[in-house]
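Below is one structure, written out as structure tokens, with a few remarks after it.
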Amino acid sequence: MKLGITGLAGSGKTTVFEALTGEFSEAGNKMENRLGTIRVPDARIDRLSEIYNPRKTIYAQVEYFLPGKSGRAKDSGKEDASWTAVRDADALIHVVRNFNMFGLEEPNPAADFSALDQELILMDMAQTEKRIERMDAEAQKAKKPDPEERELLGKCNKVLETETPLRRQPHLAFAHKLKGYAFFSGKPMLVLFNNTDEDDTLPGSAPIFTEEDCMIIRGKLEHELAQMTQEEAAELLEEFGISASATDRVVKASYKLLGLISFFTVGEDEVRAWTIKKGTAAVDAAEVIHSDIKKGFIRAEVISYDDFMDAGSMTNAKKKGTLRLEGKSYEVQDGDIINFRFNI
């Protein structure tokens with residue numbers, strides 16, 4: 001899972017990136033792309049690792065990507081290198097300034113959000129219009145462009161012309177025929193309002209606060225927390241009434257945004273978390289581990305994390321009947337502990 005961090009100049013993108021990833025740069029070269037990989041905090045993995053004492057414990061991972069430069073197109077509707085680098089992200093984190101800063105105007109979160117969102121829409125519109133023109137030109141030369149792709153692009157363009165981001169129409173943004181377009185405005189978005197240390201409230205009542213997935217982050221404070229020891233951070237968290245760090249909260253929100261869940265495999269060799277989409281069938285979850293497991297799938301031995309903890313061991317779980325066999329179509333649930341039976 002990879003999320004691209006975007007926002008207007010002065011929004012605090014770099015501060016947020018470093019607070020989330022714990023990767024700090026004194027030089028602060030804004031021309032360079034930065035990628036931070038963090039493990040997904042999960043108390044269930046911690047507990048399973050204590051029980052099995054495996055040789056390896058592997059957590060799920062999330063990548064946060066901060067493009068170089070300003071993260072914006074210089075000319076309206078035209079994509080620059082910084083945006084190109086974000087195109088393969090699964091989702092966007094839009095950092096919006098909600099703090100006063102010397103040399104900048106009073107914060108206007110709604111206007112700032114809209115300004116960048118319009119850039120996304122314009123870049124997508126430029127892409128769809130260019131492709132439609134090319135397809136129509138090919139049709140006049142007796143070539144046969146894909147009619148379904150042409151129809152879908154036309155529908156996308158109509159949505160964009162109303163200044164509506166394609167994430168409002170996910171069936172279009174993620175249509176199979178349009179998979180290669182990776183529309184910017186079609187990506188799921190988490191809006192982070194970057195507040196002062198003392199402010200933990202959402203700003204105002206603009207429509208974006210109900211239309212988008214929004215969170216508060218006190219970027220400067222979280223940046224300081226990320227550089228402290230656990231003991232020091234715990235004291236500051238308590239002082240400011242923060243129940244969980246920015247990393248924990250944003251990762252959790254990122255999973256929800258993308259509809260992701262985790263299942264676990266356990267044993268003496270390895271305890272591991274695997275990330276899948278909610279609604280994934282057991283046979284497809286098996287492929288996440290290895291394609292051969294999917295090919296030779298027989299059954300999945302499944303127990304929920306809570307049932308396992310209640311039983312205390314797999315042996316007791318079998319006696320209680322909470323360890324069960326499931327077939328290919330079983331929908332994997334968050335926290336399932338699975339052992340796949342397969343034969344190649």
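Only the coordinates and a few stated rules stand behind these numbers; no lab work does. Since we're looking at a predicted model, the values are computed, not measured. Counting neighbours? That spans all protein chains shown, and the Cβs are built from the backbone with ideal geometry, glycine included.
Remarks
- Antiparallel %, DSSP beta bridges [both residues in the chain], to 5: 50 percent
- For residue 284 and residue 51, a Förster radius of 25 Å and the Cβ-Cβ distance give a FRET efficiency of 0.35, rounded to the nearest 0.05.
- Residue 146-residue 105 FRET efficiency (beta carbon distance; Förster radius 56 Å; 0.05 resolution): 0.75
- Dipole magnitude of the chain, debye to nearest 20 (Cβ charges: Lys/Arg +1, Asp/Glu -1, about Cα centre): 1840 debye
- Pairwise FRET efficiency - residue 243 versus residue 298, Cβ, R0 = 30 Å, nearest 0.05: 0.10
- Amide N of the range 162-197 lying under 18 Å from the label point, which is placed 7 angstrom from the Cα of residue 211 along Cα→Cβ: 162-173, 184-193
- Checking every one of the trypsin sites (Lys or Arg not before Pro) in the range 123-164 against DSSP loop status and a limit of 10 other Cβ atoms within 10 Å picks out 141, 143.
- Stretching the chain fully between residue 252 and residue 130 yields a gain of 40.2 nm (0.36 nm per residue, less the alpha carbon separation).
- Furthest towards positive pole of dipole, 178, 259, 102, structure part the chain, Cβ charges: 178
- Between residue 268 and residue 318, the simple label model (points 7 Å from Cα in the Cβ direction) yields a spacing of 1.6 nm.
- About its Cα centre, the dipole of the range 279-342 is roughly 400 debye, where the only charges are +1 on Lys and Arg Cβ and -1 on Asp and Glu Cβ.
- Cα gyration tensor category, rounded, prolate or oblate, for the chain with a/c compared to 1.5: oblate
- Candidates 153, 260, 104, ranked by Gaussian network fluctuation over the chain, Cα under 10 Å, top entry: 104
- Centre separation in Å (Cα based) which lies between the range 196-226 and the range 311-331: 42 Å
- Inter-label distance, nm, simple model (7 Å from Cα along the C-beta direction), residue 333/residue 200: 3.2 nm
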